[in-house]
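Quick notes on the structure that follows.
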Amino acid sequence: MLFQLPDTATLYQALTARDPRYEGQVYVCVTSTGIFCRLTCPARKPKPENCVFAESISACITDGYRPCKRCRPLDPQDHDPDVTRLLEALERAPERRWSERDVAAMGLDPSTIRRRFKRLYGLTFLDMARQRRLRAGFTALGQGDRVIEAQVEAGFESASAFRAAFARLLGRPPASFKLEGQLLADWIPTPLGDMIAVSSHTELHLLEFVGRKALRAELCRLDAAVGGDLGIGTTPVGETLRAELTAYFSGASARFRTPLARHGTPFQREVWAALREIPAGESRSYAQIARAIGRPSATRAVARANGANQIALLIPCHRVIGADGALTGYGGGLWRKQRLLEIERHYAAAEPPAQARPSVNSTRSQRLP
């Protein structure tokens with residue numbers, strides 16, 4: 001990781017406060033017990049003199065520490081048996097109109113589940129279930145079905161309810177999407193949530209996680225740019241993207257060769273080009289990006305350009321973090337940002353030594369005085 005760990009006093013304060021900003025970025029090794037934990041671990045906090053902070057799980061294991069059985073640092077962040085149970089139920093019945101009564105019937109407290117899902121995914125379980133049904137309706141529209149048929153496929157009780165939910169999510173009613181167009185929108189499932197891709201037959205114009213607030217405005221801008229000729233479907237570019245996303249999330253490859261459209265101002269395009277130079281498994285701060293493009297005083301402008309990126313993953317704005325190593329804002333949600341960085345550590349570890357890129361700071365443990 002290309003950032004200097006904060007001073008040990010800051011890290012110890014984050015540990016006692018269970019600060020989630022360092023989740024996936026820093027771990028604490030406890031010398032008195034021989035275990036290592038997330039900084040958000042609910043266990044009783046060790047004394048400062050018994051703490052060693054490290055940037056990676058591998059560093060903790062190499063130094064002989066065992067993973068904590070309470071915070072489970074080797075598990076994905078969203079390890080929660082109740083959450084897992086509901087996600088499995090949703091997979092078995094994605095067309096079901098889930099309600100809080102259904103959650104309670106499974107012996108779970110709806111308010112507790114609501115908080116857990118919001119904390120982990122930025123949306124509730126019922127919101128997630130509604131998105132799954134909208135996916136079915138979107139796919140049906142792309143296959144030429146009428147709105148009423150898509151509504152039935154999505155399990156909505158009425159066409160008006162389907163249209164309203166569709167418009168809330170994408171900013172446009174379903175009838176506004178054509179079967180053909182200069183640009184085609186495709187709904188792509190991924191392990192970290194569904195994504196919307198918009199492509200022409202030659203370039204990718206947009207790739208965003210469903211539910212991102214900026215998605216609706218971005219779709220409207222693209223539609224206006226092509227004179228309302230935005231439709232639903234896929235293109236050869238979209239098929240290439242699907243294959244590359246599958247390879248990325250399966251751990252096979254972090255290389256994306258899908259051709260990208262050149263949107264944005266010249267400055268934004270300069271920043272986005274710099275983002276694409278960050279190897280998977282590494283990260284940069286906004287200040288480092290500003291220096292890399294020869295504009296060291298433009299840190300805030302770099303941050304704005306980073307936030308304006310509408311092609312997630314392929315233009316890896318998730319690889320930009322705070323100067324102190326903390327996770328910073330991400331339109332797809334901080335939980336996704338953390339998971340993406342965790343996924344990409346696999347690629348960094350798998351890189352052959354001869355091809356390894358130099359880093360500013362090697363991974364080191366820091367011991368409190």
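3J(HN,Hα) along region 27-32: 10, 10, 9, 9, 5, 6 Hz, from the Karplus curve 6.51 cos²θ - 1.76 cosθ + 1.60 with θ = phi - 60°, whole Hz, x for Gly and Pro.
Charges were assigned to the Cβ only: +1 to each Lys and Arg, -1 to each Asp and Glu. The resulting dipole of the chain about its Cα centre is roughly 960 debye.
Take the Cβ atoms of residue 149 and residue 277, set R0 to 45 Å, and the FRET efficiency comes out at 0.45.
Arranged from fewest to most other beta-carbon atoms within 10 Å of their beta carbon, 109, 82 become 109, 82.
Under a 5 Å amide H cut-off, with hydrogens placed 1.01 Å from N, residue 204 pairs with 260, 261 among residues at least 5 apart or on other chains. The H on the amide N of residue 321, modeled in the peptide plane, is under 5 Å from the matching H of 284, 285, 286, each at least 5 residues off or on a different chain.
Segment residue 299..residue 139, full-extension length gain: 53.5 nm, with 0.36 nm per residue of separation and the alpha-carbon distance subtracted. The ranking of 29, 220, 68 from fewest to most other beta carbons within 10 Å of each one's beta carbon is 220, 68, 29. Beta bridges per DSSP, both residues in the chain: antiparallel share near 65 percent. Think of it this way: in the chain, 29, 51, 60, 220, 317 stand alone, with no other Cys Cβ under 4.7 Å. All distinct Cα pairs of region 78-169 go into the 1/r average, and the inverse of that average, the Kirkwood radius, is 13.8 Å. Among 222, 207, 245, the largest mean-square fluctuation in a Gaussian network model of the chain, built with springs joining Cα atoms closer than 10 Å, belongs to 222. For region 153-186, the list of GluC sites (Glu not before Pro) that fall in a loop by DSSP and count at most 12 other C-beta atoms within 10 angstrom reads 157, 180.
For region 221-259, the residues whose amide N sits under 19 Å from a probe point set 7 Å from the Cα of residue 175 along the beta carbon direction are 228-232. Loop-located trypsin sites (Lys or Arg not before Pro) in region 261-320 (DSSP state not H, G, I, E or B) with no more than 15 neighbouring Cβ atoms inside 10 Å: 262, 276. Annotation for region 29-133: GluC sites (Glu not before Pro) lying in DSSP loop with at most 14 further Cβ atoms inside 10 Å of their Cβ are 95.
Ordered by the count of other Cβ atoms within 10 Å of each Cβ, fewest first, 340, 90, 134 give 90, 340, 134.
Applying Stokes-Einstein at 4 °C and 1.567 mPa s to the Kirkwood radius of region 266-353, computed over alpha-carbon pairs, gives a translational diffusion coefficient of 99 µm² s⁻¹. At full extension, residue 13 and residue 239 could sit 76.6 nm farther apart than now, given 0.36 nm per residue minus the alpha carbon distance.
Read-outs: derived from the displayed coordinates by stated rules, not from any lab. From a predicted model like this one, the values you see are computed outputs, not experimental measurements. Neighbour counts run over all protein chains shown; Cβ positions are idealised from the backbone, glycine included.
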